[in-house]
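*Asks:* Take a look at this one; I'll ask things after.
Bear in mind that the values in this text are calculations on the coordinates, not laboratory data. Predicted model, so just to flag it, every value in this text is computed and none were measured. Cβ atoms come from the backbone with ideal geometry, glycine included; neighbour counts cover every protein chain shown.
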Amino acid sequence: MVSKPRVLGIVMAGGEGKRLWPLTADRAKPAVPFGGNFRLIDFVLSNLVNAGYLRICVLTQYKSHSLDRHITTTWRMSQLIGNYITPVPAQQRLGPRWYTGSADAIFQSLNLVYDDNPDYVVVFGADHVYRMDPSQMVADHIANGAECTVAGIRVPRSEATAFGVIQTAADGLTIDSFLEKPADPPAVPDDPDVAYASMGNYVFTTSALIEALKKDAADEDSVHDMGGNIIPYFVDRGTTKVYDFARNQVPGSTDRDQGYWRDVGTLDAYHDAHMDLVSVHPIFNLYNRYWPILSMPTGLAPAKFVENGTALDSMVGPGTIISGGTVKRSVISEDVRIEAGSHVEGSVLLPGVRVGRNAMVRNAILDKNVVVPDGAQVGVDIAIDRERYTVSPGGITVVGKGVTIQM
């Protein structure tokens, strides 16, 4: 019988997430709530666990308390058979310094690799919304005899300038160069209007990764970044392949959400990704029971609608009570209250939000425990909102945790 390859998952969750401020004012970016019941990190962990990868280290650094707590209370594997998902904060194992880059984070954590002794290391980002079966990418990596494989998603060339872009040889498989936000992105060999954007997901042969990290650590000119330094190192060796995300087949996917991937690194992208959830035939379907997105059950009672309260084209979390209010095209998290005469539209309300009577919330993101008093408005007058809160370039008003909206 052929044994399965031993795979260690490393999730990079140390990002500061400045572009998601104020949602990241008090938490790491991967800990930001998403989709009513989840946090951003639940998507990558669900993908790895659903694929059968049950030994995962989550490298954290920035304001990691809520992220560490979520991982330790939610993601409990069976220790009896050696499975684990564990947060790993910066430990200064190699001297009095924090992580100086994503490659340095793994280098400083190589003890985890040595202890587990895997054949392959899967290094994935922690803050994207998508479904993927990583085992298919690992299988391609092995079949191609690669030292490094980079997941690429096909995007229009006009949009690829915002990403790290993969240029392949004529075979469409071997990576020739890795370009950071190029002004003129190279096209894929079979479509002149499309480029490969890097998804920030990598598979490495363990011995090759260790060698690369050691050489990078000794390079005083390196910024110690996975995309900026480690991937180009493997590209120069000619041992790097691209994995086309369009080939990934996830059980239960629909034609509409097959291949969905969104980087929610900005407030507008975060809001747009929520709006992708609430159409009748959602662009991203959270209701796929064959490849579930997993998280901690809340233990709260089902949502309740009283006094003619309504929600149209919306998602409403458990424990929420809509009492005479109206919700349209919005994502309402758990334990929210919306009172009579109030109107919420095109918005994302995180847990514990309170919307009083005859209030208006439009095109807004309200963080945990925000209070909208009776008759107050948010997202209606953008000029006023800019003076008081954060307004995204796309016109979305964002209110930080625990704020009471001014009248």
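*Asks:* Quote the convex hull volume per residue of the range 297-399, based on C-alpha atoms, as a whole number of Å³.
*Replies:* 83
*Asks:* Rounded to the nearest 500 deg cm²/dmol, what is the calculated helix-only ellipticity per residue at 222 nm for the chain, with -39500 (n - 2.57) per DSSP H run of length n ≥ 4?
*Replies:* That calculation yields -5500 deg cm²/dmol at 222 nm.
*Asks:* While we're here: Under 8 Å for C-alpha pairs, at least 6 residues apart: give me the relative contact order for the range 7-268, rounded to a whole percent.
*Replies:* So the answer I get is 22 percent.
*Asks:* Still on this structure, I have one more. Greater than 19 Å separation of Cα atoms is the criterion. Which listed pairs, LYS29/LYS368; LYS4/LYS241; LYS304/LYS328; LYS29/LYS401, meet it?
*Replies:* Flagged as over cut-off: LYS4/LYS241.
*Asks:* Could you sort 336-349, 67-80 so that the peptide with the highest average Cβ count within 10 Å comes first and the rest follow in order?
*Replies:* By packing density, highest mean first, the sequence is 336-349, 67-80.
*Asks:* If you don't mind, there's one more thing I want to ask. State the Kirkwood hydrodynamic radius of the range 18-105 in Å, one decimal place, computed from all pairs of distinct Cα atoms.
*Replies:* For the range 18-105, the Kirkwood estimate is 14.2 Å.
*Asks:* Mind putting a number on the dipole of the range 7-268 about its Cα centre? Charges go on the C-beta only, +1 for Lys and Arg and -1 for Asp and Glu, and I need it in Debye to the nearest 20.
*Replies:* 980
*Asks:* Further, regarding this structure: When the expected Rg is taken as 2.2 N^0.38 Å, what fraction or multiple of it is the alpha-carbon Rg of the chain?
*Replies:* 1.02
*Asks:* A further question on this structure: Return the long-range amide H neighbours of VAL165 (sequence gap of 5 or more, or a different chain), with a cut-off of under 5 Å between placed amide H atoms.
*Replies:* LEU179, GLU180, LYS181, SER198
*Asks:* Given 4 °C and 1.567 mPa s, compute D for the range 101-183 with the Stokes-Einstein relation, Rh being the Kirkwood radius over Cα pairs; round to the nearest whole µm²/s.
*Replies:* 85
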